[in-house]
1. Please verify whether region 54-73 includes one or more residues that are within 15 Å of the chain's Cα centre (by Cα), of a type in the set (Val, Ile, Thr) and away from the ligand (no atom under 11 Å from the Cβ).
2. Just the residues that are of a type in the set (S, T, N, Q) and either touching an Asp or Glu at 6+ places or on another chain (Cβ under 7 Å) or at positive phi (or both), please, taken from region 105-150.
3. Which one of Glu97, Glu144 is in contact with a His (Cβ under 7 Å, 6 or more places away or on another chain) and among the acidic types (Asp, Glu)?
4. Counting only residues that are touching a residue at least 24 places away in the same chain (Cβ under 8 Å) and within 25 Å of Arg70 (Cβ to Cβ), how many does region 133-158 have?
5. Out of (1) at pLDDT below 95; (2) closer than 19 Å to His147 by Cβ, the odd one out for Gly38 is which?
6. State whether the residues of region 118-138 include one that is among the charged types (D, E, K, R), within 24 Å of Arg19 (Cα to Cα) and surrounded by fewer than 21 Cβ atoms within 10 Å (Cβ to Cβ).
7. Which residues, taken from region 48-104, are part of a helix (DSSP H, G or I) and open to solvent by less than 20 Å² (accessible area, probe 1.4 Å)?
Amino acid sequence: MIATPPDFDADFFRSALGRFATGVTIITTETDDHRPVGLTISSFNSVSLEPPIVLWSLSKAASSLRHFLRTQRYVIHVLAAPQLHLAKRFAYGAQAERFSGLALTRAPGGTLMLDDPDCAAWFECHNLIQHEAGDHLVFIGQVERCHRNFSQPLVYHAGDFDLTPSTEPLSND
Ligand SMILES: Cc1cc2nc3c(=O)[nH]c(=O)nc-3n(C[C@H](O)[C@H](O)[C@H](O)COP(=O)(O)O)c2cc1C
């Protein structure tokens with residue numbers, strides 16, 4: 001079946017999508033020569049419980065794309081509210097600076113990850129499937145190990161790290 005062309009523009013679509021509140025994650029892996037790579041991602045979601053499968057989508061314009069296309073595994077860190085500064089650093093900071101001063105460790109399967117006890121949860125994933133969809137690639141990961149805390153999550157809504165119900169459009173909304 002052929003889809004009908006949209007009757008809205010990209011800005012309106014972005015604004016409508018912004019009505020869906022999400023959590024915020026940082027996803028990490030490493031380059032072939034073992035440099036850490038990571039970025040802020042809010043498109044994370046659950047797919048399957050048995051077997052445990054999750055997904056997220058990555059822009060084709062992302063500098064980290066080539067590394068995530070090659071890596072066997074990555075770690076998805078669900079951020080807690082006090083980790084707002086990390087969400088901003090891993091979205092807006094230069095890739096080479098993002099890990100500066102941060103403690104790193106390896107997940108049980110060997111994947112490079114943040115050594116930060118504040119994370120609300122983390123999932124070490126096998127890089128199962130990559131599916132092209134428009135200007136993004138959907139990454140489907142099989143969760144091999146995970147951990148969770150009971151901290152207040154960091155929330156992203158209407159283009160901001162906030163849950164305030166906005167009646168007026170925000171400047172970036
Ligand atoms: C809250 C938030 C959520 C984001 N979610 C995504 C996402 O799901 N997919 C994506 O490709 N970029 C997302 N981004 C943008 C990337 O974090 C940003 O473009 C980053 O600089 C890409 O890094 P890279 O080019 O080094 O790979 C998000 C940014 C923010 C602030």
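1. yes
2. Selection gives Thr105, Thr111.
3. The conditions single out Glu144.
4. 13
5. (1)
6. Yes, that holds for at least one residue.
7. Those that are part of a helix (DSSP H, G or I) and open to solvent by less than 20 Å² (accessible area, probe 1.4 Å): Phe68, Gln83, Leu86, Ala87, Phe90.
The values are calculated or read from the model by the stated rules, or taken from the named source; none is laboratory data. Bear in mind that the values here come from a model prediction, so they are computed numbers and not experimental data. Glycine also receives a Cβ, built like all others from the backbone with ideal geometry; neighbour counts cover every protein chain displayed. Surface accessibility is based on the protein's heavy atoms, side chains included, excluding ligands, DNA and RNA. Shrake-Rupley method; radii C 1.70, N 1.55, O 1.52, S 1.80 Å.
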